[in-house]
1. Quick test for you: out of 188, 211, 195, 174, pick the one residue that is crowded, with 17+ Cβ neighbours inside 10 Å, part of a helix (DSSP H, G or I) and modelled with pLDDT of 80 or more.
2. If the Cβ limit is 7 Å and pairs must be 6+ apart or interchain, which residue in region 249-270 that is on the phi < 0 side of the Ramachandran plot and buried (at least 18 other Cβ atoms within 10 Å of the Cβ) pairs with which residue that is modelled with pLDDT under 90 and not in a loop (DSSP other than H, G, I, E, B)?
3. Go through the residues of region 31-40 one by one and say whether even a single one is surrounded by 14 or more Cβ atoms within 10 Å (Cβ to Cβ), out of contact with any strand residue (DSSP E or B) (no Cβ under 7 Å at 6 or more places or on another chain), under 30 Å from residue 129 (Cβ atoms) and in contact (Cβ under 8 Å) with a residue 12 or more places away in the chain.
4. Out of the residues in region 1-30 that are in a loop (DSSP other than H, G, I, E, B) and free of Cβ contacts under 8 Å to residues at least 24 places away in the same chain, state the one that is surrounded by the most Cβ atoms within 10 Å (Cβ to Cβ).
5. Only helices (runs of 4 or more DSSP H) wholly contained in region 276-381 count here; list those with 1 or more residues that are free of Cβ contacts under 8 Å to residues at least 12 places away in the same chain.
6. Tally the residues that are surrounded by 19 or more Cβ atoms within 10 Å (Cβ to Cβ), in a loop (DSSP other than H, G, I, E, B) and within 19 Å of the chain's Cα centre (by Cα), restricting the search to region 60-109.
7. Can you name the number of the only condition in (1) more than 21 Å from the chain's Cα centre (by Cα); (2) part of a loop (DSSP other than H, G, I, E, B); (3) at pLDDT 70 or above that residue 245 fails?
């Protein structure tokens, strides 16, 4: 509807009328300030929906869901290894291209450090979920204390050591990205993962909280030894972000003036230029708050409909955790990664980066598929 010309004239962006006056020709106009950008953004959204649907169908079987999670973990591991190699070798490249931004930050194959931090966080949550699943198996069995301890040590040495290595590598890469929002969002989401697992029937509360505490302790340990630059960035948190509240204020004021139809999906960079005040230097392609940006572009009704999808993901995965006894880690991972992207979207635009959106769509499709029961006796529900 934002792209068609037969909507009421008062819905259309005023810039079309100005263009008609300047050019001296009649232009039909539309709600969107750039119909090509709106179609491109819609194509991306439909692509993510398609990936979600494919993952939803494929991961109905628990063995497929397990394979999907391991695939995400291994992908994140190799991207982190590449990023660490670039960072420590001083190459300052992204594959065969020279880096032109964030030269001293680990970005792996991403340009923006914050976008990579979200991607690393997705891998960390999946890895943490697998480690918790392996370590809680002996904890939930009726072993004596000595036998339980022996079984845990055996599982660590034989089954989970590789995932522990991956976890450390991913966390180091996250710390070296120097992304404050990415780091905080990931740590909070790991805490959410531990807390929600303690509420499920699949993991006892004391064991879930214990493993969560160990995860946070490991984060603190790695931060102490490799987080100097990140610590300095936290120290300059308020001085670095003086411009964003001004941007948010302009966006909110424009939303109040045009709350229903928006400027056109995917057109923020162009639309913001027409309302930017002189005290905002530079060119903002993104609003650094996905919620405000979506309302600005889509209008309030359509944006709320989009947000409702993610609220539905949270509800469905939470219900899956409550009802399931086996394989509860899958909906728990889906709930936690949704918290991660939701938190980071408050101050950045990582979910608007295709690589992050594709990965998230794949994970949440798996989590939703594992959030309700199948009739097949082969699947452990």
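1. 174
2. Filtered contacts from region 249-270: 261/11; 263/271.
3. Within region 31-40, none of the residues are surrounded by 14 or more Cβ atoms within 10 Å (Cβ to Cβ), out of contact with any strand residue (DSSP E or B) (no Cβ under 7 Å at 6 or more places or on another chain), under 30 Å from residue 129 (Cβ atoms) and in contact (Cβ under 8 Å) with a residue 12 or more places away in the chain.
4. Checked region 1-30; the qualifying residue surrounded by the most Cβ atoms within 10 Å (Cβ to Cβ) is 12.
5. In region 276-381, the matching helices (runs of 4 or more DSSP H) lie at 300-323.
6. Total meeting the criteria: 3.
7. All conditions are met except number (2).
The values are calculated or read from the model by the stated rules, or taken from the named source; none is laboratory data. Everything quoted here is computed from the prediction, not taken from an experiment. Cβ atoms come from the backbone with ideal geometry, glycine included; neighbour counts cover every protein chain shown.
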